[in-house]
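Working notes for the structure below.
Derivation of every value follows stated rules applied to the coordinates shown; laboratory data play no part. The model shown is predicted, which means the values in this text are computed figures rather than measured ones. Cβ coordinates were reconstructed from backbone atoms using ideal geometry, including for glycine residues, and neighbour counts include every protein chain displayed.
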Amino acid sequence: MSENRGRNDITIAGMLLFLVILIGVIGYMHIDDFSFVDALYMTVITVSTVGFGEVHQLTQGGKLFTSALILASLVILGYFISTLTQNLVHSQISFFYSRNGNKNRFRKMENHVIVVGYGRNGKQVVNELLTLGLKLVVVDQNHELVINNMGRPVRFIEGDATNDDVLIKAGIKTAKSLISTLPNDADNLYVVLTARSLKHDLKIISRASSESSEKKLRMAGVDNVVMPERVGGAHMATLIAQPDIVEFLDHLTIHSDTPTQLLEIMCNDLAPDLINKPIREIGVRRRSGANIIGFKTTTGNLIINPSPDTKLMPNSKLFVLGTSDQVQQMKEIMHDNPNSDS
């Protein structure tokens, strides 16, 4: 039984039951001249088969009407109860299998992102990461929120993320990163401390509302701290001072459904022939139209607009800008022999 069909069956059964009660009230009022209240009372005790005594002595017509009403009500009331019960049982079974199906689907999750808190910031983070096709686990203490999101392609876990067992249940041992978006800085600090103690090489990003909290979070082992007020204020100021720059940056996005993409590529994922060779030998711009606009060295230094002589080293990273077609063509080039003609 589908959910819509179940609702329709309950609606039909309810309408039939209401129709029987309406016919009963009208029948008693016309056959035996009962008042509305007496007619309603007689109809209810007859339909429900409770068996209380009659309000007034019934005529022969009233007795025949009551007998017919009892037979009709037995059928319709039985149909209503069975339909309601079936729908409730189906809902419980669907919920059970949904929960167990999700558990099986997420049981062996690896390289996923754990998002702590599903408030305004957390929800935005989840929506952005889903567009990138990343695997997500959300941890939140709101029971109703967790239940209402059970069917989503995101695993929701109810619990306190400062508890080791909750983060272990979220798969922190196999996760690649954690984002804490709780509104309270102290809570974020406890989450960071707990997460770092469970996995030392986990990438951790946290929200903060003050500079003092930012310093404490970095001391606790956070990799990046985001202050929404600072980011929002800088964005609004730039809209006044240099609005065209904001418009330009809005077109540089990591989303795959936009014309221009900004992509990062680990040099370790490239063809082995490219390692230890300069960027000029790849000919990315000439052969695909995409541009290498940044380079991150093995020591973590960022180079904007790297020179053609920059060598691709193991554990370094490239930042590439281009259309979706250009980026796709660039990926094909960098996974093939760079010396071959395109």
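How far is the Cα center of the range 148-193 from the Cα center of the range 108-133, in Å?
Their Cα centres are 10 Å away from one another.
Kindly provide the helix-only [θ] at 222 nm of the chain, computed as the sum of -39,500 (n - 2.57) over DSSP H runs of four or more divided by all residues, to the nearest 500 deg cm²/dmol?
It comes out at -16500 deg cm²/dmol, rounded to the nearest 500.
Give, in whole angstrom and from largest to smallest, the semi-axes √(5λ) of the equivalent ellipsoid of the range 7-86, with λ running over the eigenvalues of the Cα gyration tensor.
Largest first, the range 7-86 gives 25, 12, 10 Å.
Dipole of the chain (Lys/Arg Cβ +1, Asp/Glu Cβ -1, origin at the Cα centre): which of 142, 156, 236 lies farthest to the positive side?
Result: 156, furthest along the dipole toward the positive end.
Quick check: residue separation of residue 211 and residue 199 times 0.36 nm, minus the Cα distance between them. What number comes out in nm?
1.8 nm
Please give the length that would be gained between residue 45 and residue 301 if that part of the chain were fully extended, namely 0.36 nm times their separation in residues minus their C-alpha to C-alpha distance (nm, one decimal).
Fully extending the segment from residue 45 to residue 301 adds 83.8 nm.
What are the extents of the Cα atoms of the chain along their three principal axes, in Å, largest first?
Sorted from largest, the Cα extents of the chain read 108, 51, 46 Å.
How much length is gained if the chain between residue 291 and residue 165 is pulled fully straight, taking 0.36 nm per residue apart and subtracting their Cα-Cα distance, in nm to one decimal?
40.8 nm is the gain from fully extending residue 291 to residue 165.
With a Förster radius of 45 Å, plug the Cβ-Cβ distance of residue 26 and residue 186 into 1/(1 + (r/R0)^6) and report the FRET value to the nearest 0.05.
According to the calculation, E is roughly 0.10.
Roughly what would the spin-label model give for residue 64 and residue 141, points 7 Å off Cα along C-beta, in nm?
If labels sit at residue 64 and residue 141, their model points lie 7.1 nm apart.
What does DSSP give for the chain in terms of the percent of beta bridges that are antiparallel, rounded to the nearest 5?
45 percent
Starting with the highest mean, order 140-152, 298-310, 200-212 by the number of other Cβ atoms within 10 Å, averaged over the residues of each peptide.
Per-residue mean Cβ counts within 10 Å order the peptides as 200-212, 140-152, 298-310.
With everything on Cα atoms, drop me the angle between helix 324-334 and the longest principal axis of the chain, reported from 0 to 90° to the nearest 10.
50 degrees
Between residue 120 and residue 176, what's the calculated FRET efficiency when r is the beta-carbon distance and R0 is 22 Å? Round to 0.05.
That pair, residue 120 with residue 176, gives E of 0.35.
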